[in-house]
Amino acid sequence: AMKFSGDLRVRIGEAVGLQPTRWSLRHSLFRKGYQLLDPYVTVSVDQVRVGQTSTKQKTNKPTYNEEFSATVTDGHQIELSVFHDTPIGYDDFVANCTLHFQDLLRSAGPSDSFEGW
């Protein structure tokens, strides 16, 4: 598998179509509007977190426009994960996606950037 070494810059634009979690639905009985999430996004390279957005309140289509940079050595994959920021205990997992560097590099020149995920 092709690995990536170099400078990585990731811009988190927005998330759309996020679904309520079991935790947020359970608490919606008490407070209307709790089907809405308080989402944030984490950026990880090979299971190491390299960035985390701010938390947006009460929305299932948050806009972030936040950018993260990391120096990567022999990287295999980038993972973007969305979590619901809960007031107590562990935050709730909402969604994730994994991008493999070899898929990006296969069609790329050295200065290419990728848009639209």
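Select, from Thr63, Thr42, Thr86, Thr55, the only residue that is in contact (Cβ under 8 Å) with a residue 24 or more places away in the chain, within 18 Å of Ala15 (Cβ to Cβ) and either of a type in the set (D, E, K, R) or in contact with a Lys or Arg (Cβ under 6 Å, 6 or more places away or on another chain) (or both).
Thr42
Take the residues in region 31-62 that are at pLDDT 95 or above and hydrophobic (A, V, I, L, M, F, W, C); name whichever of them is nearest to Gln77 (Cα to Cα).
My answer is Val45.
Being open to solvent by 40 Å² or more (accessible area, probe 1.4 Å), within 26 Å of Leu105 (Cα to Cα) and assigned to a loop (DSSP other than H, G, I, E, B), is that true of even one residue in region 44-66?
yes
The values are calculated or read from the model by the stated rules, or taken from the named source; none is laboratory data. Computed from a prediction, not measured in an experiment: that's the story for all the values here. Backbone-built Cβ (ideal geometry, glycine too); neighbour counts: all protein chains shown. Only protein heavy atoms, including side chains, enter the accessible area calculation; ligands, DNA and RNA are left aside. Shrake-Rupley method; radii C 1.70, N 1.55, O 1.52, S 1.80 Å.
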